Amino acid sequence: PRKKTQKIKPQASGSVQWHDVASCEDPKYELREVIEFLRNPKQFTKLGAKVPTGVLLYGPPGTGKTLLAKACANEGGAAFFSASGSAFAEMFVGLGAARMRSIFKTARKHAPAIIFIDELDAVGAKRGTDFSGERDQTLNQLLVEMDGFDVSKNVVLIGASNRLESLDPALLRPGRFDRQILVGPPDLNGRKEILAVHSANKPVVGVDMEKVAKETAGLTGADLANLCNEAAIHAARAKRDRIVQTDFDEALEKVVAGLESRKVMRPEEKRTIAYHEAGHAVVAEVLHD
Ligand code: ADP
């Protein structure tokens, strides 16, 4: 028997609320406009205002792009449809384009709606770099759908990408993803806010979050969420019912070490780091306090 193609349904945007997305002040500010549009499109269209219906969130993984898209859907009372660019790339020839078409079609039926396409680079890479032409077909279909966007239909497309430079320039043209918003790693204050969000539902006692935030420069929201979870695991393994400073210290060690082993180091880098670490050891030995 022929396998029926998977039906496209709105997904739960979960319970992601606006305030669950910590830091990210700039993206949140820009996305307010989209939410107001979803809630009350007439207010915009009657004045002849053109609202961006294609918004591109770009930045390193784990900085909260998916979270932002879901929070937008919740705030705007919109149905949430999501697809991953890499899933299109794995499909048989022609199927990716067909699926793209039906996602838009279904979303229009459920309007107000947000279509979220994660890993946009997997479909939206510069054309002509793909042997089978399959990705190009999917990309072409996406462009066709975007050009056919009817603002009165109340559907907003949000794309997410790690690399803006690798996207086909056609995607970034006016009328398509013409609003590009950087979602970067959090600064000190942002990290404090994210840590607060992820420890809010945990029995954290007497932990200096300012210190934790200071020690986690460069970590993303996802890393920080992971850190809070590791701290809770550590406390559980110590059979305590509270999460204390040592749990965070141990978790930090683990998370940061995990991050370091993720990238492959060149011998030259290893050598430099060895000198650097030896410096720490010498100083610690000489200056006891
Ligand atoms: P991206 O889509 O940018 O790769 P996600 O939105 O999927 O990242 O984030 C992964 C997880 O990391 C989220 O589910 C959340 O737990 C945490 N996270 C990331 N950014 C934030 C943030 N700004 N505030 C709170 N949690 C965050």
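The values are calculated or read from the model by the stated rules, or taken from the named source; none is laboratory data. Remember, it's a predicted structure, so these values are computed and weren't measured experimentally. Cβ placement follows ideal geometry from the backbone for every residue including glycine, while neighbour counts extend to all protein chains displayed. Just the protein is used for accessible areas: all its heavy atoms, side chains included, with ligands, DNA and RNA removed. Shrake-Rupley method; radii C 1.70, N 1.55, O 1.52, S 1.80 Å.
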**Request:** Taking the Cα centre of the range 135-281 as origin, work out the dipole magnitude from +1 charges on Lys and Arg Cβ and -1 charges on Asp and Glu Cβ, in debye rounded to 20.
**Result:** 240 debye
**Request:** Using DSSP, restrict attention to beta bridges with both residues in the range 36-180 and report what percent are antiparallel, rounded to the nearest 5.
**Result:** 5 percent
**Asked** If 266, 179 are ordered by their accessible area, calculated over protein heavy atoms with a 1.4 Å probe, which sequence runs from highest to lowest?
**Response** 266, 179
**Asked** Excluding ligands, DNA and RNA, what is the solvent-accessible area per residue of the chain at a probe of 1.4 Å, expressed in Å²?
**Response** 57 Å²
**Fill in**
Taking 34, 256, 144 and ranking on accessible area (1.4 Å, protein atoms only), highest first, one gets 144, 256, 34
**Prompt:** Taking 1 over the mean of 1/r across every pair of different Cα atoms in the range 27-98, what Kirkwood radius in Å do you get?
**Reply:** 14.3 Å
**Prompt:** Of all DSSP beta bridges located in the chain, what percent are antiparallel, nearest 5?
**Reply:** 10 percent
**Complete:** Computed for the range 16-165: size of charge dipole around the Cα centre, +1 on C-beta of each Lys and Arg, -1 on C-beta of each Asp and Glu, debye to nearest 20, value 600 debye
**Item:** Modelled FRET efficiency - R0 45 Å, residue 9 with residue 285, Cβ distances, 0.05 increments
**Value:** 0.10
**Prompt:** Carbon and sulfur atoms: what percent of the 1.4 Å accessible area of the chain do they account for?
**Reply:** 54 percent
**Item:** FRET E, pair residue 144, residue 208, Förster distance 41 Å, beta-carbon r, rounded to 0.05
**Value:** 0.15
**Message:** Could you work out [θ]222 nm for the chain from helices alone, using -39500 (n - 2.57) per DSSP H run of at least four and dividing by all its residues? Round to the nearest 500 deg cm²/dmol.
**Reply:** -15000 deg cm²/dmol
**Request:** For the range 95-251, report the convex hull volume of the alpha-carbon atoms normalised per residue, in Å³, without decimals.
**Result:** 171 Å³
**Asked** Any idea which of 198, 106, 15 is furthest toward the positive side of the dipole for the chain, if Lys and Arg beta-carbons carry +1 and Asp and Glu beta-carbons -1?
**Response** 106
**Message:** Filter 50/109; 65/254; 50/192 down to the pairs with a C-alpha to C-alpha distance above 32 Å, please.
**Reply:** 50/192
**Asked** If you place +1 on the Cβ of every Lys and Arg and -1 on the Cβ of every Asp and Glu, how big does the dipole about the Cα centre of the chain come out, in debye to the nearest 20?
**Response** 1780 debye
**Fill in**
The extension gain from residue 196 to residue 87, computed as 0.36 nm times the residue separation minus the Cα-Cα distance, is 35.8 nm
**Request:** Could I get the Rg over Rh figure for the chain? Both from C-alpha atoms, Rh via Kirkwood, rounded to two places.
**Result:** 1.06
